[in-house]
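These notes are about the structure you will find just below.
None of the figures in this text is laboratory data; all of them are computed from the coordinates on show. Owing to the predicted nature of the structure, the values given are computational and were not obtained by experimental measurement. No Cβ is skipped: glycine too gets one built from the backbone with ideal geometry, and neighbour counts run over all protein chains shown.
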Amino acid sequence: MTSNSLVYLIALPLFGAAVLLLSGRRSDRWGHIFGTLMSAGSFAVGVSLFLKMLGNPTGERALTQKLFSWISVGSFQVDAGLLADQLSICFVLLITGVGTLIHVYSIAYMSHDLDRRRFFAYLNFFIAAMLLLVLGDSYLNLYVGWEGVGLASYLLIGFWNQKPTYATAAKKAFVANRVGDMGLSLAIMIAFATLGTVSFQGVKEHASQASTGSLTAIGIMLLVAATGKSAQFPLQAWLGDAMAGPTPVSALIHAATMVTAGVYLITRSNFIFDLAPTAQLAVAIIGAITLLFGAIIGMAKDDIKKALAASTMSQIGYMVLGAGLGPAGYAFAIMHLLTHGFFKAGMFLGAGSVMHGMNDEVNMRRYGGLRKFMPITFATFGLGYLAIIGVPPFAGFYSKDKIIEVAFNAGGVKGIALGTAALLGAMITAFYMTRVVILTFAGSKRWDDKAHPHESPFLMWAPMVLLALGSVASGFFFTHGNSLRNWLAPVVEATPSHEGELLSPAVVSILALVLVAIGVGYAIIKYLLNEVPQVAPADVTVFTKAARKDLLQDNFNEAVFMRPGQSLTRGLQVADTKLIDGAVHGIARLAIGSGNLLRKTQTGFVRSYAMWILAGAIALVATIWVVTL
Amino acid sequence: MNMLTSLMLLPLIGALLISALPTTKSLLAKQMTLGTTLLVAIGVIVMAIRFDTSKTDLQFVETHSWIPTFGINYSVGVDGIALVLIILSALLAPIVVLAGWNESSGGRWSAKTFYILVLVLETMIIGVFSANDLFLFYVFFEAMLIPVYFLIGGYGTGQRNAAAVKFLIYSLLGGLLMLASIIALYVLSGEQSGHTFNINTLSQLQMSSTTQNLLFLGFFIAFAIKAPLWPLHTWLPDAAQSATPGTSVLLLGILDKVGTFGMIRYCLTLFPEASKTFTPLILVLAVISIIYGAFLAIGQKDLKRLIAFTSISHFGFITMGIFAMTSQGHSGATLYMFNHGFSTAALFIVGGWMMSRRGSSKISDFGGLQRVTPVMAWSFFIAGMSSLALPGLSSFVSEFLVLVGTYTRYPVAAIIGTFGIVLAALYILIPVQRALHGPTMPGNEALSDLNLREKIAIAPVIAIIIALGFYPSPLLNIINPASTHTITQAGFTDPLAQIDPKAGK
């Protein structure tokens, strides 16, 4: 069905960003309210569209809107078209819903910042770009949103770019994302060369006629794109540094929405991955690696935001794993994405609330015992915590256990390996999240007297409370009567493979709970029953040292890409001046033969050059005349 | 009178009037130049509206016998590709004048002379794109060097003489090779159909493949110097470093396009077989230019040289698109020429303001400008985003068309070229970080932000960059018929998609 209101979803926040950026300081006084209203307006449109879709029969729910012909050259035809189907609308509600809550939170959180208006302009811009990403009806439209959110992320990570390290973090994120974007670019090119179209509808219709080789190539390139945007191995190094951005940004962009775009891309492209098993397996493996990778890093981080960032990486690893399990897993990947959107955004806002009360201190070794001073923050953070470690009946229990279960049932060695990784991840998650909660809220105080911890204002805790409600109830809501799965079925064609079930849901849940209990117990012993030093101990194992340094991902990138790249740049510079330009100068000297003559021509008197040109022109006419005699 | 001829005469008349002014009236000279270039811009827009996009042959054609003894005609006319480049030139000219309002003051000669040179140059630019007679083209092609030479050597900074001479010698060398080819064509035409410089007639000539290859090279090398292709590029960074920002815009934004335009109009049309023969070699050079230019740009410490090297990378993309011989590659390359004109103009114009305020072109002398001069910083940032082809901005459309058009025929070249988009992020974001971010460098605290004149100059550039990113159709509609026509003439059709959409499985 066509709908004329899809464009307003994007237009409202885009208009907000434009107004806030162009009006400059004039809108300082009302900019934050205006920005929040634009985001809320977009949410309202989203809800009304969702209700409209609910009212339609299953087969006719997808809404489309063609705006104009964007690029049309030969057979390359791309419309500026929007598509809100069952998959996109989930994202629309998440982006605008959580987005609006974070706008509200930021009104208070950024109230002392001179550039609050600019912050809201960027947030609005992000919402618009992210909506375009999930609403574009072709890969090329998605690409515009895809790089648009990258730009928003760059601007927001570097929001305080007066500080050089923050500016560097922003640049790093953009470049890492661009490596991924290269994958997306190539995927689109291959799709066009193979299928003659880049629209989702067209690719879906014709994919079955393409060779497996081409589909695998497209799939792998899409995976590259996803690893960049979603901070998956091996392009994950930027996410930790991205915590340089203000905390609401970490909650919205680097936890709930943008970093999950890779999962959207893979799920959206199910019609490719389902026909390219190799690419699909690669997706699952990358997910499994990253979920462990992130979890291990999370165990060693003392910076609360970096611990949460590592956790995000790991949780997205779960989603990517789910999406890599094909039709059996897509719906659960999306479910985990949505529940994670609630609980992780909530916890990030909680971290922001803690920082707000602690003079922007981020080192958890300098926290301790904060639950008495920040009861609401503690309660909402705690609910998010229960959700992420997967305690029933909180949200994560439903979504994560389902992914573990589907992984085990994927069959053969593959199933056992992926399932074990996912299960291990659950245990580590329980450990590091318990560690975060204990270090921050339990135990004795480890801060000095300069800090005066206090609960945050209403505008900050209200969004946290709403997100905590989501952490509690969303899992049940999505699973009840298989609601989310049935809802998404027309897009991802979920066909549960119950043949050869290795582990039943009950067994998986019990196994997971036992491992979670072990993880929690170990963290309690280590951090609650033992004294926590204010400075991180130095006499730790090699593994802890590696985990503290993000498992040496930066060192690897530096050694393999950065330094050789810098040497190449320097080498080429020398070559350019000495070899190429040198050769030119050499030839010039040789041709003219006499240094004397060279000096004469280089007198700098422009008149003599003019004479040369005139002489040339005369020579031309003369030559032609001679030739035609 | 024909529109093209009138548009060429208009700047000349302006130049004549200005030359009658006393030297002291430099403000009046500026105003008259601005007025003239605006009139030309309006005229070109009218022409673009009257252009019939359903035709593939030349429009606004006018032919007069010029030197009948040699079969030389004054013959002009434009197809979509030429028209787009004329639009580019006509729009950029007033912007350059307004942006570099005080650019002429530090020169060897008066401001009056500066503006006469600019106006004469504009005439020649319109001429070189609309010439439909090989001799006429050559005259414009060579004569263009004169005003540029004086603009660099007379009004530039630093080693301006050396740079101007280097530019001139390179260009003359290329021109000489082309001249040899032109003469050969002329002689051949005399043997086969009667002496002529008419391009249509020349394209029908019978030649042995050796002859065709040699003559092709004569043209191609001249064009590869102009739109510098590796390894013929070393004059460009020197010229850009020494020229005033306005001259650099004219040089890199417009004049260098004569090279890539020439490849389409002359190399492909006159020597289709040789073009095929040399395509592999040229693609290699194009890909090297993309990567090499980008790496060199990353390493630059001087802002002007940096922009020059980004252009070398971009010219690699344009050349790749042209020789991919697909409609997407061709339309993309032509659109790229237009978009590159605007994004480079934005970089040079805003960069120029930054440099004149700071009194230095060293990137490390800036720092923290976002705090001090937010509007200027934002303008530079948007220009940079356009240069790295951010989706949503005009250059993305053209860059992607070039890549996808290349991929369908030469996937390897396209894949290597795609690495350029990562390098582009580096060569833009590194100077952005150094110049705009970080703490404010001592000495920069009191820099002034853009004034009203400067805002008026940069606003249309940014508006076009954004508008064409979302809605490139007006230009693509003009370009597409000409691109398809050129490819068909050269004996190519677009590769088909691998699957047959009709066949089921």
In Å³ and rounded to a whole number, note down the convex hull volume per residue for the Cα atoms of the range A:185-283.
91
5 Å-binned pair-distance histogram of the range A:32-139 (Cα, whole percent)
2, 12, 19, 18, 15, 13, 10, 6, 3, 1, 0
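When the convex hull of the Cα atoms of chain A is projected onto a plane and the area is averaged over all directions, what value comes out in nm²?
On the way: hull surface 154.2 nm².
Averaged projected hull area, Cα only: 38.6 nm².
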In whole angstrom, the spacing between the Cα centers of the range A:26-80 and the range A:268-291 equals 29
At 1.002 mPa s and 20 °C, Stokes diffusion of the range B:185-251 via Kirkwood alpha-carbon radius, µm² per second
148
Give me the one-decimal Kirkwood hydrodynamic radius in Å for the range A:409-511, with the sum taken over alpha-carbon pairs.
18.3
What are the extents of the Cα atoms of the range A:549-592 along their three principal axes, in Å, largest first?
61, 9, 6
By per-residue mean of other Cβ atoms within 10 Å, what is the highest-first order of A:213-226, A:529-542, A:123-136?
A:123-136, A:213-226, A:529-542
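May I ask for the longest run of chain A untouched by trypsin sites (Lys or Arg not before Pro) that are loop-located per DSSP and have at most 13 neighbouring C-beta atoms (other than their own) within 10 Å?
Values: sites that count: A:29, A:450, A:549.
It works out to A:30-449.
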What's the long-distance tail for the range B:350-478, i.e. % of Cα pairs beyond 27 Å?
30
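Can you give the mean number of other chain Cβ atoms that lie within 10 Å of the Cβ atoms in peptide B:323-333?
Working: counts 0, 0, 0, 4, 4, 6, 2, 2, 5, 3, 0.
Averaged over the peptide's residues, the number is 2.
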Add -39500 (n - 2.57) for each DSSP H run of 4 or more in chain B, then divide by its residues: what number comes out at 222 nm, to the nearest 500 deg cm²/dmol?
-23000 deg cm²/dmol
Please give the per residue volume of the convex hull enclosing the alpha carbon atoms of the range B:379-437, rounded to a whole number of Å³.
59
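Using only atoms on other chains, find how many Cβ atoms lie within 10 Å of each Cβ of peptide A:166-172 and report the average. Provide the component values of the computation, followed by the final result.
Working: counts 2, 9, 4, 0, 4, 8, 1.
What the average comes to for A:166-172 is 4.
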Can you tally the net charge around residue B:448? Count Lys and Arg as +1, Asp and Glu as -1, for every other residue whose Cβ sits under 13 Å from the Cβ of residue B:448.
+1
State the Cα centre-to-centre distance between the range A:305-372 and the range B:36-51 in whole Å.
57
Overall dimensions of the protein assembly as shown by Cα: Rg and Dmax, Å
31.6, 107
With every atom except the alpha carbons ignored, what do you get for Rg and Dmax of chain B, in angstroms?
22.0, 80
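DSSP loop (so not H, G, I, E, B), at most 13 other Cβ within 10 Å: list which chymotrypsin sites (Phe, Trp or Tyr not before Pro) in the range B:274-381 pass both filters.
On the way: sites: B:278, B:292, B:295, B:309, B:315, B:317, B:323, B:336, B:338, B:342, B:348, B:353, B:366, B:378, B:380, B:381; in loops: B:366.
Qualifying residues, ordered by number: none.
Restrict the search to the range A:1-104; then list the chymotrypsin sites (Phe, Trp or Tyr not before Pro) that DSSP places in a loop and that have at most 16 other Cβ atoms within 10 Å of their Cβ. If you can, show how the numbers build up before the last one.
Details: sites: A:8, A:15, A:30, A:34, A:43, A:50, A:68, A:70, A:76, A:91; in loops: A:30.
Listed in order of number, the matching sites are A:30.
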Expressed as a whole number, the average count of other chain Cβ atoms within 10 Å around the Cβ atoms of B:167-174 is 3
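Kindly provide the helix-only [θ] at 222 nm of chain A, computed as the sum of -39,500 (n - 2.57) over DSSP H runs of four or more divided by all residues, to the nearest 500 deg cm²/dmol?
Values: 27 runs with 431 residues, N = 629.
After summing the helix terms and dividing by the residues of chain A, the value is -22500 deg cm²/dmol.
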Quick check: Cα centre of the range A:191-251 to Cα centre of the range B:86-119, how many Å?
46
